[in-house]
1. What residue, among those in the range A:115-139 that are among the hydrophobic types (A, V, I, L, M, F, W, C) and assigned to a strand (DSSP E or B), is farthest from the other protein chains (Cβ to nearest Cβ)?
2. Being of a type in the set (A, V, I, L, M), crowded, with 22+ Cβ neighbours inside 10 Å and not assigned by TED's automatic domain parsing to the domain that holds A:Q149 is true for just one of A:L249, A:L190, A:L216. Which residue is that?
3. From the list A:E120, A:E131, A:E159, which residue is farther than 28 Å from D:E120 by Cα and of a type in the set (D, E)?
4. Of the residues in the range D:268-287, how many are of a type in the set (G, A, S), within 11 Å of chain B (Cβ to nearest Cβ) and at negative phi?
5. Spot the failing condition for A:T211; the list is (1) surrounded by fewer than 19 Cβ atoms within 10 Å (Cβ to Cβ); (2) closer than 29 Å to D:A123 by Cβ; (3) β-branched (V, I, T), and only one is missed.
6. Of all residues in the range D:42-63, which are in a helix (DSSP H, G or I), small (G, A, S) and facing chain C (nearest Cβ under 9 Å)?
7. Would you pick out the residues in the range C:141-184 that are at the interface with another protein chain (Cβ under 8 Å from one of its Cβ atoms), among the hydrophobic types (A, V, I, L, M, F, W, C) and either surrounded by fewer than 20 Cβ atoms within 10 Å (Cβ to Cβ) or not in a helix (DSSP H, G or I) (or both)?
8. Among the residues of the range A:120-148, how many are touching a residue at least 24 places away in the same chain (Cβ under 8 Å) and either under 23 Å from A:R223 (Cβ atoms) or among the small types (G, A, S) (or both)?
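The values are calculated or read from the model by the stated rules, or taken from the named source; none is laboratory data. Remember, it's a predicted structure, so these values are computed and weren't measured experimentally. Neighbour counts run over all protein chains shown; Cβ positions are idealised from the backbone, glycine included.
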4 protein chains.
Amino acid sequence: MTLSPEQKAEIEAARATPRPTLRAVAEGMEAHLYTAHEVLDHGFVRVIDYMGDDSAIVQAARVSYGAGTKHVSNDEGLIRYLMRHWHSTPFEMCEIKLHVKLPVFVARQWIRHRTANVNEYSARYSILDREFYIPAPEALAAQSTVNNQGRGAVLEGQEAARVLEILKGDATRSYDHYEEMLSQEGQQGLARELARMNLPANVYTQWYWKTDLHNLFHFLRLRADAHAQYEIRVYAEEICRLVADWVPLAYRAFEDYRMGGATLSSKAIDCVRRMLKGEEVTQETSGMSKGEWREFQQLLE
Amino acid sequence: MTLSPEQKAEIEAARATPRPTLRAVAEGMEAHLYTAHEVLDHGFVRVIDYMGDDSAIVQAARVSYGAGTKHVSNDEGLIRYLMRHWHSTPFEMCEIKLHVKLPVFVARQWIRHRTANVNEYSARYSILDREFYIPAPEALAAQSTVNNQGRGAVLEGQEAARVLEILKGDATRSYDHYEEMLSQEGQQGLARELARMNLPANVYTQWYWKTDLHNLFHFLRLRADAHAQYEIRVYAEEICRLVADWVPLAYRAFEDYRMGGATLSSKAIDCVRRMLKGEEVTQETSGMSKGEWREFQQLLE
Amino acid sequence: MTLSPEQKAEIEAARATPRPTLRAVAEGMEAHLYTAHEVLDHGFVRVIDYMGDDSAIVQAARVSYGAGTKHVSNDEGLIRYLMRHWHSTPFEMCEIKLHVKLPVFVARQWIRHRTANVNEYSARYSILDREFYIPAPEALAAQSTVNNQGRGAVLEGQEAARVLEILKGDATRSYDHYEEMLSQEGQQGLARELARMNLPANVYTQWYWKTDLHNLFHFLRLRADAHAQYEIRVYAEEICRLVADWVPLAYRAFEDYRMGGATLSSKAIDCVRRMLKGEEVTQETSGMSKGEWREFQQLLE
Amino acid sequence: MTLSPEQKAEIEAARATPRPTLRAVAEGMEAHLYTAHEVLDHGFVRVIDYMGDDSAIVQAARVSYGAGTKHVSNDEGLIRYLMRHWHSTPFEMCEIKLHVKLPVFVARQWIRHRTANVNEYSARYSILDREFYIPAPEALAAQSTVNNQGRGAVLEGQEAARVLEILKGDATRSYDHYEEMLSQEGQQGLARELARMNLPANVYTQWYWKTDLHNLFHFLRLRADAHAQYEIRVYAEEICRLVADWVPLAYRAFEDYRMGGATLSSKAIDCVRRMLKGEEVTQETSGMSKGEWREFQQLLE
């Protein structure tokens, strides 16, 4: 990872000067502030700011439910109740702001989560750095033969070597040409907003990304999931670790109900009931399609 | 205003215990934290939390524009540039969370601003307090005769007295009946979610309301405007004072470009050009409708 | 229900004049267009416009997945797959616009669903009609003794009579006073934006409400649920019937996966697995709280 | 532009079969439905569906304002009033769904408009076509020397030839390598979700994009503006022509107040007033910065 010396100095300075505040402070998050957590070969995630903590969630719920919630004396119990019953607004009371450096093809997936605020580095305005994502050998996967959207075995030997050679060679050549087209030595130089179109989707970009905890959980559920593309999943997993230190009670509830949970259809619930009564249920008698039945079987194993 | 002794004690405790943080701290906002600023007869606005300051706006803009913005060495100049050219994303990097107590008819206007997070006191769950907005004599306005949506002169004498008597009497009676229907003495007691339907729109509710600075400015432009209903405008004006202490540079730019600014149509711009060249322009030669011309004349006076 | 003769004539006229279009047409929805479906004592829901049908969902999915989805030759299978795997964007391609007349306390719950477009009748601008929701005898429920947010048995005899008398009396008196304050006979007349504050929360309002199918399903899941307040649930149930005629395949998938489905926590899934292996699991050995275990038991019965 | 024969046949079939509907029909838009309007070298915009017309805007406004708006007997006057006073909700009642084919670097700007629904062709799932944007000679602009974010003179002679050679050569080589890596002949073949990272930002993608008229106007104001990048501006301009045929009254108001209009700061308004009274105002006496004064001067010329 390549934070410049200036960036490192800036981080050091910020971390050296705590100031007093009357706001809610999450100790676990203070320890992460500004520190760049490395992801992939040149990427990182770092927390720039946050608002609220587990207590802020509880406090917002108690505003809504008034004296009524006082019998749930336990903060963790209340947070689990909110998560279980899809009460999203108290989680929206927490906010996080991240600085993320990531390949463009990952950024294109990420931005589809619309309920967030984004300031991205502008390649119309500035010149991108010569940094490209080149997969580590263990991430160099073949196309899955069973899932159009998935990966199969890791490539090996000659084929792996050839792929890496192509990716590195094309990235280098594209960037050389990018610089050549931009150059103002002996020529006018192509507009930056045009020259960038020659750069491949594994070039790195960076942005500030700010969202609330409810929407962050939604992002994490989809992107830290086993079916997400590996290159975005590693970012999501890194953010999961940060969130676990920020709002530990909410994160545990999220893990239990969302990451580890599953939604059953009415047909599937009916099957479970019948099976618990001792009935032998098969795909044919389940009312489910083959694909659905397969997923249901996997869940119960 | 009626903060309970418990609420006051809670505020005192929160204000007494600053803790160290590495996050951006806005001194001007720290001074307001938790303090209830009175609005109308029983309402208030108080800041529960905030994220970011003027520097956070500048920092986000510099991420987007990279080294390119360094020639605008001046933070205020950059913020004014962003505001002038409708660059909204850097302002979205700041966030504020307010606790507001307000009459229901004001809450109904306020909630129409959808880009915010809200936790409102639930009258399904809990029992509302006996608190109603009764206008001060100077706010007791007649229907405007020229504007369907506006106010005319202040009511006086008998008519004013009669209105106040009605509002107070109906509020009292409605609340007495609300309590009677809820009562479980010698009867089952009506469900809270039903009993509340008897309460008039001037009963007070409260909520936590969280939004980003860009959307807050949009709210303030519409609701602190002279055409907004007085009862929501006083909330907006109170929030303006808080924002001026939180992000003074951004607030000054907002005042100049949004609150004090005006949007001219292409026809109006054309008229200004002709007038500056010495032409006598009238409504007939302006291409504008009568209503538009009247608004244009008011702007130039 | 009280559509005015003018409104009825307008509906008749609109229904009498089909025009040719090249857009997707849902026959089931055309039959409902403009017709007011009665809800509660004075409310209604009527469809003003719609965009898309089941095919539009399929078509959008096939744009995303390209040739890859061709092996799911079956439209219903594809729609069920999308619903099961929380692919929301194809459902967002359908849109509906409703005209709804509803009591203000229902409108206050409804508006909390932010991802929708709303034009509400303005009581600043115009005068509200003398129409109030008075519960039918079977909807006059006592406060639940076990659920702070729920209803118990239906009120009977004297208590029921007393409640109805209060609700009717206060509504009548409030509206009489509203008219008195507005009156310009022999006085100036209070501003409409002020006079309305005297009206109770069971007065009817109306709005145009437009949303996409994904967000509509989210609304329906929460508001057609058995835990929703009866007075909003009857609106949601009416809309369910309309949607079933509009996008029958999507609606059936929604019923199976959302309305009839349930989300299990990782703890609950673990219990199901153990129970299917023959283990006797109790609340104590389940790892769940008492409340959670009770909900889990109810699901399996 | 390259619609496949299958796509063309599908369009022909759709255009050949009008069906009766009771919904609002915009004749001007029916004429455009499904037809692909060419943009850039391989891109297009085509209307897939729409909801509402000018009357739907008026109708929604009249719901909000009730009988009150009847004195604005004129639909165009009402629409202009709504636009002038930033009443956005009536415009949200119209919706449009477009199928767009566009280079990835344009898609990256476009997607920043968050209030829209999108289904994009998935390069995880399917294989992208060999189609790249190569600028026409007159679009091959040099970097602006005065504006970090703009274009200067058109490149000529040798430099232009060299740039085109690079862009074409790198696109061809990248795509050849993309196919080589994907190939399953004599090797496993790299996963599609990885292979795509080698493709440059001028490769074409496509999506369904659906938004309401208010948000579409916001998009068009920013992207059809002279400061927008040429390659997205041509899409916005094409959409402007479609909207002009769909909602002609709303479009004319948009042109006058938004596209041709301008927002003046309170300082600028003050200067105009002083100038109209005959005062000679200079940058020094204006209270504006140099940049602001320059923009102000340009507006008045």
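1. So the residue we want is A:F132.
2. On inspection, the qualifying residue turns out to be A:L216.
3. Selected residue: A:E159, the only one of A:E120, A:E131, A:E159 that is farther than 28 Å from D:E120 by Cα and of a type in the set (D, E).
4. Of the residues in that region, 1 qualify.
5. All conditions pass for A:T211, except number (1).
6. D:A56, D:A60, D:A61 - these are the residues of the range D:42-63 that are in a helix (DSSP H, G or I), small (G, A, S) and facing chain C (nearest Cβ under 9 Å).
7. Result: C:A141, C:A142, C:A153, C:L155, C:L182.
8. Result for the range A:120-148: 13.
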